[in-house]
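To start, the structure under review is shown below, and the notes come after it.
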Amino acid sequence: NSYAGLKKAFGTDSKQLFNHFISCGVKEGRIACASFNVHVYKNRYLDLQKAFGNNLPSYYTHYIQCGKTEGRIAI
């Protein structure tokens with residue numbers, strides 16, 4: 001909703017929006033949502049730092065696939 005051009009290009013297709021965000025948005029410093037801060041998430045968890053290093057897209061993917069249900073804090 002924050003980026004009208006993306007909404008026009010991808011509509012509500014969450015998979016396409018996520019893929020675009022991972023391939024472009026992260027590098028551009030865009031914010032995916034107010035409830036997740038990739039830098040807070042990265043800095044908070046040493047195990048994730050060891051696993052992902054500076055690969056920011058991996059932190060997003062981890063949070064979506066595992067971190068949220070594990071109760072990890074991302075803000």
(request) Give a residue-ordered list of calculated ³J(HN,Hα) values for region 64-70 (Karplus: 6.51 cos²θ - 1.76 cosθ + 1.60, θ = phi - 60°; whole Hz; x for Gly, Pro). (result) 5, 7, 9, x, 5, 5, 7
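Before anything else, pin down the relative contact order of region 8-75: Cα pairs under 8 Å, at least 6 apart, normalised by residue count, whole percent.
On the way: 32 pairs, mean separation 22.3, N = 68.
33 percent.
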(request) Report in % the part of the accessible area of the chain that belongs to carbon and sulfur, leaving out ligands and nucleic acids; probe 1.4 Å. (result) 55
(request) Compute the accessible area per residue over region 1-67, keeping the other protein chains in place, probe 1.4 Å, unit Å². (result) 68
(request) Compute the signed sum of charges (Lys and Arg +1, Asp and Glu -1) over the other residues within less than 15 Å, Cβ to Cβ, of Phe21. (result) +2
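How much length is gained if the chain between Thr61 and Asp13 is pulled fully straight, taking 0.36 nm per residue apart and subtracting their Cα-Cα distance, in nm to one decimal?
On the way: separation 48, 0.36 × 48 = 17.28 nm, distance 1.68 nm.
Additional length available on full extension: 15.6 nm.
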(message) Per DSSP helix of 4 or more residues, -39500 (n - 2.57); summed, then divided by the residues of the chain. What does that give at 222 nm, rounded to the nearest 500?
(response) -11500 deg cm²/dmol
(message) Would region 36-75 count as rounded, prolate or oblate if I go by the C-alpha gyration tensor, calling it rounded below 1.5 in a/c and otherwise prolate when a/b exceeds b/c, oblate otherwise?
(response) rounded
(request) Give a residue-ordered list of calculated ³J(HN,Hα) values for region 10-16 (Karplus: 6.51 cos²θ - 1.76 cosθ + 1.60, θ = phi - 60°; whole Hz; x for Gly, Pro). (result) 10, x, 10, 6, 4, 5, 5
(request) Quick one: net charge around Pro57, please, counting Lys, Arg +1 and Asp, Glu -1 for every other residue with C-beta under 14 Å from its C-beta. (result) +2
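The values are calculated or read from the model by the stated rules, or taken from the named source; none is laboratory data. Everything quoted here is computed from the prediction, not taken from an experiment. All Cβ positions, glycine included, derive from the backbone under ideal geometry; neighbour counts span all protein chains shown. Each accessible area value is taken on the protein alone, full model and side chains, heavy atoms only, with ligands, DNA and RNA left out. Shrake-Rupley method; radii C 1.70, N 1.55, O 1.52, S 1.80 Å.
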